[in-house]
1. So, in Å, what gap is there between the alpha-carbon centers of region 149-219 and region 244-302?
2. For a quick check: with amide H placed at 1.01 Å from N, whose amide H comes under 5 Å from N173's, ignoring anything fewer than 5 positions away on the same chain?
3. Could the peptides 170-180, 51-61, 17-27 be put in order, highest first, of the mean number of other beta-carbon atoms found within 10 Å of their residues?
4. Sorted from fewest to most neighbouring beta carbons within 10 Å, what does the list K142, K286 look like?
5. Helix-only mean residue ellipticity at 222 nm, the chain, DSSP H runs n ≥ 4 weighted -39,500 (n - 2.57), per residue, nearest 500. What is it?
6. May I ask you to derive the FRET efficiency for D162 and V192 from their Cβ-Cβ distance with R0 = 25 Å, giving the value to the nearest 0.05?
7. If r is the Cβ-Cβ distance from M1 to S254 and R0 is 25 Å, what FRET efficiency results, to the nearest 0.05?
8. As a footprinting exposure proxy, order D89, D116 by other Cβ within 10 Å, with the fewest listed first.
Amino acid sequence: MSLIVVGTMAYDAIETPFGKTDRIVGGSATYVAWSASNFYQPIKQVSIVGGDFEQQEMNELADRGVSFEGVEVVQEGKSFFWSGRYHTDMNTRDTLITDLNVLAQFNPQLPESYQDCQYLMLGNLAPAVQKSVITQLKNRPKLIVLDTMNFWMDIALDELKDVLKMIDVLVVNDGEARQLSGEYSLVKAAKVIRGMGPKFLIIKKGEHGALLFYNEQIFSAPALPLEEVFDPTGAGDTFAGGFIGYIAMKDDISFETMKKGVIMGSVMASYCVAEFGPERLKTVTKEDIDARLLEFEELANF
């Protein structure tokens, strides 16, 4: 049994009210892997990088049980690069640079060793790429989780709707849920979206927590009030990693386990925002996670 993570491995340049960094490792698959590896190993990565991607970054993830057999390295190319500047409220940002570089030629090919996949996390990528990964698996995984964004709703809505029929869990934020469904009420939006295919829907609401929908059941997870949010880049991917990692660890896809998975995702995201990039995720311990989990339990207890 294994957990496959599909997404970007990249470099970011980030500016927030608290500081800036001109180059730090990032990418959806990077954040998911750092987060999920706290709960489950091995993680089988699927991505593409250029020759500029530092081996040290891969070595650190390898020490956390991440396999790179499914990562294509284009030695003469450059890795995906994104640069952004966050506003004072840290909820809005301006994208300054998006250089696809080798990502423009990303056509993932799953190694034979990846065919034991039971849990599949599809990071935010073109829906056609997400679908190609699903169709390469000889046996359907126990759980397929997909993340997407408004960009794909704008330019590839039909392809997105096609892949939604093939998955179990969709992860979006509240604005994306409203755009995809055409409904302002998140409860109505959830019914419309789950009618498109996914049995479970997670709607992230940033500093206001997250909602999990299944049949007629709704679980509302709080967000931990933090004194400082240093860098929100990758928080959503970190959330997804904590969620899928916990589900894989428990090897159970019941609604009850999913509820705990949403909390674990929130726990990991609360650490992600504490430093630039995934730096804080690299040092999180089991004791840290357990302590933060207690804070969430106390926050929701009444």
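1. 22 Å
2. K204
3. Highest-to-lowest ranking by the protection proxy: 170-180, 17-27, 51-61.
4. Going from least to most buried by this count: K286, K142.
5. -10500 deg cm²/dmol
6. Efficiency at R0 = 25 Å is approximately 0.90.
7. Calculated value: 0.90.
8. Ranking D89, D116 by Cβ neighbours within 10 Å, fewest first, gives D89, D116.
Read-outs: derived from the displayed coordinates by stated rules, not from any lab. Since the structure is predicted, the reported quantities are computational estimates derived from the model, not experimental observations. Cβ atoms come from the backbone with ideal geometry, glycine included; neighbour counts cover every protein chain shown.
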